Amino acid sequence: MQPEQVRLTGATETLLITLQAKAAESAMPDSLLRDRFAADALHRLDPDGRHLEIGHDDMTIGIALRAYMLDRWTEAFLQRCTEATVLHLGCGLDSRIFRIDPGPRVRWFELDVPDVISLRKRIYPGRAGCTTIACSIVERGWIERLPADRPTMIVAEGVLPYLEDHEVSQVLRRIAGHFPEGEIAFDAYIAVLRYGYCASIRRSEPPVPVSNGRSTTRQSWSGRYRGYSSLRIVRIGTSARWRGCHPPPRWRCSSSAPYLILWGASFGMVSERIAAAG
């Protein structure tokens, strides 16, 4: 099979980092993510001799853990709301829809910039119930074209940290203003990435911006968001990898110096039902 030619730069080029990390972790004998689709996608790609090597085992594990946790949050939402919409922002070449394999009553949207969506269509097969949207997350107008008649799960993995602070706030407010009810889950990073934690990110051309996380604080969200929660993940050692169905011992929830923060919130009737149940 002829390899696909990749012509990506800057922030979009980093989707190759996450794809390589998920494939590498999934090849481990004690893999938690088990993303065979990532490995299949890598075999289809020809990065034109400019492989973005991660070069850091903790980075590989961290990316896989992030994907695993967001998968579980999405699955939990779909268990509560079996007839729902999933909006995957900055989907890149992530195979979440294939890993989760949602039922026929789930409507799924994948959004990313045109070059990425074009590549995604060449890498992955089409799937019933899944629609791609080729535009930037910060563009106006795309969200008004989406149906708002079902509870909606919004997943933004590895996309909001690349936006300016005011852009993050605008995106979150537009989401809460359009969809009557649902949940949102996304990640943020501390500023250590600015100072060279991952060499492959430093080598991106042009350099990839990394948000300092201020926009992903609760204060910047619309008042419609409730049920706020967060998971802070810290690199704390070099012990064994995954154990069973739990995060590996090297990663722990902590309130100090997090490497990665996963945020989650609900809005509309979903948050009211959660509050009533809690």
- Query: When residues of region 80-110 are filtered for being over 19 Å from W142 (Cβ atoms), in contact (Cβ under 8 Å) with a residue 40 or more places away in the chain and not charged (D, E, K, R), how many remain?
  - Reply: 5
- Item | Scope region 72-89; condition farther than 13 Å from W108 by Cα and among the aliphatic types (A, V, I, L, M); matching residues | A76
- Message: Can you find, within region 52-62, the residue that is modelled with the highest pLDDT among those that are assigned to a loop (DSSP other than H, G, I, E, B) and over 18 Å from the mean Cα position of the chain (by Cα)?
- Response: E53
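Residue-wise test of (1) without any contact (Cβ under 8 Å) to a residue 60 or more places away in the chain; (2) assigned to a strand (DSSP E or B); (3) under 17 Å from A39 (Cα atoms); (4) over 18 Å from the mean Cα position of the chain (by Cα).
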{"residue": "M69", "(1), (2), (3), (4)": "no, no, no, no"}
{"residue": "E75", "(1), (2), (3), (4)": "yes, no, no, no"}
{"residue": "L78", "(1), (2), (3), (4)": "no, no, no, no"}
{"residue": "L119", "(1), (2), (3), (4)": "no, no, yes, no"}
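Return the total of residues in region 98-117 being buried (at least 19 other Cβ atoms within 10 Å of the Cβ), modelled with pLDDT of 95 or more and not in a loop (DSSP other than H, G, I, E, B).
Residues meeting the conditions: 8.
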- Query: under 17 Å from the mean Cα position of the chain (by Cα), surrounded by fewer than 17 Cβ atoms within 10 Å (Cβ to Cβ) and either small (G, A, S) or at pLDDT 95 or above (or both): does that describe D94?
  - Reply: no
- Note on the structure: Subset of region 142-169, residues of a type in the set (D, E, K, R) and either more than 17 Å from the chain's Cα centre (by Cα) or over 29 Å from P104 (Cα atoms) (or both), comes to E144, R145, D149, R150, E164, D165, E167
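Here's the yes/no breakdown for (1) part of a loop (DSSP other than H, G, I, E, B); (2) not aliphatic (A, V, I, L, M):
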{"position": "R122", "(1), (2)": "no, yes"}
{"position": "A128", "(1), (2)": "yes, no"}
{"position": "T131", "(1), (2)": "no, yes"}
{"position": "R140", "(1), (2)": "yes, yes"}
{"position": "E144", "(1), (2)": "no, yes"}
{"position": "M153", "(1), (2)": "no, no"}
{"position": "P161", "(1), (2)": "no, yes"}
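Would you say E139 is surrounded by fewer than 17 Cβ atoms within 10 Å (Cβ to Cβ), within 20 Å of the chain's Cα centre (by Cα) and modelled with pLDDT under 90?
Against the criterion (surrounded by fewer than 17 Cβ atoms within 10 Å (Cβ to Cβ), within 20 Å of the chain's Cα centre (by Cα) and modelled with pLDDT under 90), E139 does not qualify.
The values are calculated or read from the model by the stated rules, or taken from the named source; none is laboratory data. As the structure is a computational prediction, the values presented were derived from the model and not from experiment. FYI the Cβ positions are ideal-geometry reconstructions off the backbone, even for glycines, and counts take in every protein chain you see.
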